[in-house]
1. When all alpha-carbon pairs of the chain are counted, what percent fall beyond 18 Å?
2. Give the share of C-alpha pairs in each 5 angstrom bin for segment 49-101, from 0 to the last occupied bin, in whole percents, shortest bins first.
3. Let me confirm the definition first: pairs of Lys residues in the chain, 8 or more apart or on different chains, C-alpha distance under 16 Å. How many are there?
4. Subtracting the Cα-Cα distance from 0.36 nm times the residue separation, let me have the gained length for Ala3 to Ser74 in nm, one decimal.
5. Between Gln33 and Lys48, what length in nm is gained on full extension when 0.36 nm per residue of separation is reduced by their alpha carbon distance?
Amino acid sequence: MAAKLKTGDRVVVLAGNEKGVEGVINSVNPKAQTAIVGGVNLRIRHTKQSQTDRGGRVPKEMPLHLSNLALIDSEGKRTRVGFRFEDGQRVRFHKTTGQTI
């Protein structure tokens, strides 16, 4: 299945504790169908001190399932993503406005 959400897309969280929070996708794992969104779903990771790192409590972004994310269009509304062919190339587009991404 083609990836509807990609790295760098602006998304909003649809479900869970972070519902309604917006962010930008940092990375996507298509096999697990998860994405890491910057500044969203933070957890505390306790790290041990080493020669290069001071250690302590470090906030870490945890992955969210792709079904809990929706793309934000140019007007700031959530939208679904579709695919179509333009000039022999397959492109993504916003289903609400019809604009290509």
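Where a number appears in this text, it was derived from the coordinates with a stated rule and is not lab data. Owing to the predicted nature of the structure, the values given are computational and were not obtained by experimental measurement.
1. Here the long-distance tail beyond 18 Å is 54 percent of all Cα pairs in the chain.
2. 4, 15, 16, 13, 12, 8, 6, 6, 8, 7, 3
3. Final tally of qualifying lysine pairs is 6.
4. Working it through step by step, the gained length comes to 23.6 nm.
5. Gain on stretching Gln33 to Lys48: 2.4 nm.
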